[in-house]
1. Residues that are within 14 Å of chain B (Cβ to nearest Cβ), within 30 Å of residue B:914 (Cα to Cα), out of contact with any strand residue (DSSP E or B) (no Cβ under 6 Å at 6 or more places or on another chain) and not in a helix (DSSP H, G or I): does the range A:48-69 have at least one?
2. Is one or more of the residues making up the range A:123-139 within 14 Å of chain B (Cβ to nearest Cβ), part of a helix (DSSP H, G or I) and either at pLDDT 90 or above or more than 24 Å from the chain's Cα centre (by Cα) (or both)?
3. Those residues that are buried (at least 19 other Cβ atoms within 10 Å of the Cβ) and at pLDDT below 80, I need them from the range B:350-366; list them, please.
4. Read through the list (1) facing chain A (nearest Cβ under 9 Å); (2) surrounded by 24 or more Cβ atoms within 10 Å (Cβ to Cβ); (3) more than 22 Å from residue A:166 (Cβ to Cβ), then give the number of the only condition that residue B:981 fails.
5. Do we have residue B:829 as more than 10 Å from chain A (Cβ to nearest Cβ) and over 19 Å from residue B:955 (Cβ atoms) here?
6. Can you work out which of the residues in the range A:72-90 that are more than 9 Å from every other protein chain (Cβ to nearest Cβ) and assigned to a helix (DSSP H, G or I) is nearest to residue A:396 (Cα to Cα)?
7. Could you tell me whether the range B:320-333 includes any residue that is surrounded by fewer than 24 Cβ atoms within 10 Å (Cβ to Cβ) and either touching a helix residue (DSSP H, G or I) at 6+ places or on another chain (Cβ under 6 Å) or on the phi > 0 side of the Ramachandran plot (or both)?
């Protein structure tokens, strides 16, 4: 943890709100009531309806775009030869990256006994799932013949053919599928005690039955809790290597290729750092408005924001180090193709994307050195937004700028996205946000059991 | 289809088809070329101008993201579909019959699934190329050159290749029309009979025939019969791109129409004044081969290559081969020739030019020519006036070249009047109402006649006008009657090439639409209403060939593809090589008595200006000259509706689907224009608005225009593609206009080129050696280091290459002239789709082999490099590694192969291909809706659907065909038996394919050449396609002298 203050994991009864994980006003009952009421009782604010409507419209745009895409072909996008990968792959890597925060928060921070993760892990995990779902769309959409996607899976078939296991795209499939499956199970297991709480507090028949079924008969007995903790820890242990492996594998999509700008050994750790960077940024971007709208300041305190900003900042510095090393090795390689790539990134046709990337991804986040920025939700939201844009740009720079000018000057080209590219990018944002809003509407976004754990511990100490 | 019975399978021909065989951008260019010369690409890059920055930021400007675009392509498909539907509406469309039943009687030689080969010939621009056409179940699918034909030698140019697509063009005319209404052949006959009676009554006094430059003996015979029937009728020939100045110059010298024929094999030094003899000469294929053989560097002791000195206004493929190329205005050629004549002692006349480079160039030519008397060759192009040709003749005669490197042949069936003069006379007669009946056979004079003739307007004054043509084109629309013409692959005819080779034009398929041949039409005019072209052609040869056994000989001729006669007599050397008379004035040779008074009748012709220019130094600094050239892909506009031709990137500019005005970098700076800026060009004749393209190597103050753009009635594909520049052309100044005003308009047009950025950036994809390095067997050190050490791999490749054959290819950069024929041959052989201008603009051109070009040196007079790039078939192919489904993989014989069925379209292979030779079907590019196009597809090659990757396969279908045959016959495959389409069509023999494992095979020998290198070899891809480095002249003499 980059900031020594974050080591503090005990509840300190102090006026300094940045140290508080759960507001001292919260009791066991009030925590449950507050969180469950969002789903069960409270009327949904206009904010929810308006935002959901916008996101849903974007989602419809996505569906329209996909329909046309399947009907006509990937030629509706701006991809060409030499830039055969465009927005679809940029979006894929971006979404996968975003999908890293949840598991990082749930698994790694759990193992590291970081209590501050408790109020945010549910939302972060849900966000992970949705981001991975968005990411998972793109490899399918980008196929020239998407209806043959399953050929990439190792399944028994009459042709007796296997995938080509040397291809990183096959590794991708395994990595992403595994990650999605484990994340889903992890998230669902963590939900079970809360689902039971919801069942118990439900007023309507429908929600009683619904929550009753998915809470799998949880009664909160000691033996339940014992099994629960064991499974949860095991899953956390399983997830931990996945956090590191998924984006490492995704990075091999590029590192295995021979294109200058792709063919580099720094990619796996660089991509993982970038993924956690953008993942935390996205958690902040989602959490800050929700915290405000649903008045969750008592469970998502400034301390949480501060901690997340710290993690984001630390990984951001790693990413910055990656940029420096990429440039250095490009020059140091003595290879004219690598050297040209470095120059072309900075002053080629897409030079502006590189400078913009440095601005939004490295320069602006330097504001996080200041506690005032870290603990102010508005400024933190802005920085996180900047990081999200920056991480998208980073993938653009890596993929498109490397591809458009490779070895032979005769085959150099240019890439310009079409309206369909943008529609599908924003449509995927629409899908993501829609899922988040549905999640907020139908499931408890803060883990009540874990909040109550903190409250209980505090009460024990007080006693 | 019954005609197939008449065709003979050519056994000989059948087997021969396979048997024949400056300143870099600051900071960008990290490593400047070690060898002192920096290669660069687009001028904007070189100059680092704001335009470049502006452009490079947004090569595809704002409009790039229209949502509607993919739908536009659908609309295109719909249009194609609609035109197909219309074929049905007319009711005159005869689709080829398809019956899925076995043959009751197997047609002779026909085995289903095996192609047959038929010899025929393609008449083109006053000559003819002998062809061998592949026929699959009665459908011609591929055109190859006839290796026995002297004007083909087994090769073809782009035009012969493109002709196949025209055959299947759904926009072709399908029915006779009268004033736009569909009519029948019977009604045409009735109309003609009325007309005929009137003309017979007055002996055809008001009857005129205008015919394209046909060389058919049968047609000539029919014409002479018609002249007997209508004694007062007049005949004119029209061809917008004609060699009239050459023919007329020699007519004035020898008293008969003559055309020079060169022996490049014997010429050590070649001096060319604006003659693009590798592209637009009727001898282009034969010349390409002979010229290339003198600089192939394929044998180790090759030390006496030919040297080419060439002056021209706009870079051409021939110019790119020049050892010393002088970019200079076309109007100065006369002066230059006289300077050369003076310095060689042929004349005493003084002539001067301003340009120091030109003086140095002439001095260099003089020095070389003096050393090589009798082994040199001076030539001028048809764009130059007759006077220049007479000077050239005088120089050749003085050098003793006549009879050695230069011969003259009489032009067979020469036009009674040269085209421009003839058309002018016809237009005058039309205008004055002396023409009542006008029959136009082929050609398109309404579109391409000189503007000052106002041909279209005058045409309406005739009472009866008829046009026979393939398309309902501009002229057809202006005429009352239009008769659809049969394609040359659909009808019987005959043709004579410029060298006198005589061929029978044999149809490969029954007419797709209800067309008629010109012989049928002539027969109608002769009163033979139901004559068939087959009978007419046979009758002619039966009467004129004097064969003992006509049927036997006839079959033999059809099998060979040409007759054992030569219809163009060589003018004896003693007649033509008369010692030059001392010349003291500007008139090099006195006009002979009895020769046609050509020049006197042409008022103020272009050459009289040359004489004026010769009298005093011309000041080039204040005029802008206009120069017309045939389009490198659509010629005079006749291929405008041909997708293959339109999409073929033009040499050096790599522009497709457009014909911008080509201007020099200096002039662009002066006019403050960038690529795509629209200018108005105004001459005395008229004005056009046309976008510009900055062309390195263009003469500083010459604007070059390609003819043929801007057709407006050629079909759905070609209408309004490019700009029509014929309105600037006049009978007085058909090729060069010296008084021109150019004005920038402030409008912009996106020109689509396939190669914008093309500096080599110190990467040296084209490696060069100096002659000295070649002779001393030295490889430049910086190029040596690029080869990876053999032990830089963990794999033992020799162990893995266990199959009997290991295929490989060598491309000789010394002989490649960049003619583009391989690109179209590949397109035709491999069913490669046409994608249209918009998709090319989006970077999705589909050609499997592309011609890369690079510039080097000064932008005003750069060196040109061209490099054909097919798939390299790397032994360690990066593409194979990354395909998740193994859709691209390696065969045991070393082919990097694509399995289209397995491809799911991730495109990772293309990303990982360092050569970027892979092509992706981003959309449904293959036109599966237009039935007629399907007829032309090669049944041996899968038609790719959308979403799959494709690329050069080394023509694997041809490899397999030979392998099967050899296997069945239990014999070995001979070297040279397998020829990919690109190698087969190459007139310069630049591409060699074969078995690397076979001892002594040509390809394995070339691989041991010290010029052999692999593209991007340093990546350790171990390419199977390699190149022979280009041997360059190390010290361009003129440059040294100009600097002194």
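The values are calculated or read from the model by the stated rules, or taken from the named source; none is laboratory data. All of these numbers come straight from a predicted model, not from anything done at the bench. Reconstructed Cβ throughout: ideal geometry from the backbone, glycine too, with neighbour counts over all protein chains shown.
1. Looking through the range A:48-69, none of the residues is within 14 Å of chain B (Cβ to nearest Cβ), within 30 Å of residue B:914 (Cα to Cα), out of contact with any strand residue (DSSP E or B) (no Cβ under 6 Å at 6 or more places or on another chain) and not in a helix (DSSP H, G or I).
2. Within the range A:123-139 (the criterion being within 14 Å of chain B (Cβ to nearest Cβ), part of a helix (DSSP H, G or I) and either at pLDDT 90 or above or more than 24 Å from the chain's Cα centre (by Cα) (or both)), the answer is yes, since at least one residue qualifies.
3. Hit for the range B:350-366 is B:351, nothing else.
4. Condition (1) is where residue B:981 drops out.
5. No; evaluated as a whole, the condition is false for this residue.
6. Among those that are more than 9 Å from every other protein chain (Cβ to nearest Cβ) and assigned to a helix (DSSP H, G or I), it is A:90.
7. Among the residues of the range B:320-333, at least one is surrounded by fewer than 24 Cβ atoms within 10 Å (Cβ to Cβ) and either touching a helix residue (DSSP H, G or I) at 6+ places or on another chain (Cβ under 6 Å) or on the phi > 0 side of the Ramachandran plot (or both), which makes the answer yes.
Table: residues versus (1) buried (at least 24 other Cβ atoms within 10 Å of the Cβ); (2) out of contact with any helix residue (DSSP H, G or I) (no Cβ under 9 Å at 6 or more places or on another chain); (3) closer than 30 Å to residue B:526 by Cα.
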site: B:221; (1), (2), (3): no, no, yes
site: B:228; (1), (2), (3): no, yes, yes
site: B:234; (1), (2), (3): no, no, yes
site: B:240; (1), (2), (3): yes, no, yes
site: B:246; (1), (2), (3): yes, no, no
site: B:263; (1), (2), (3): no, no, no
site: B:270; (1), (2), (3): yes, no, no
site: B:281; (1), (2), (3): yes, no, no
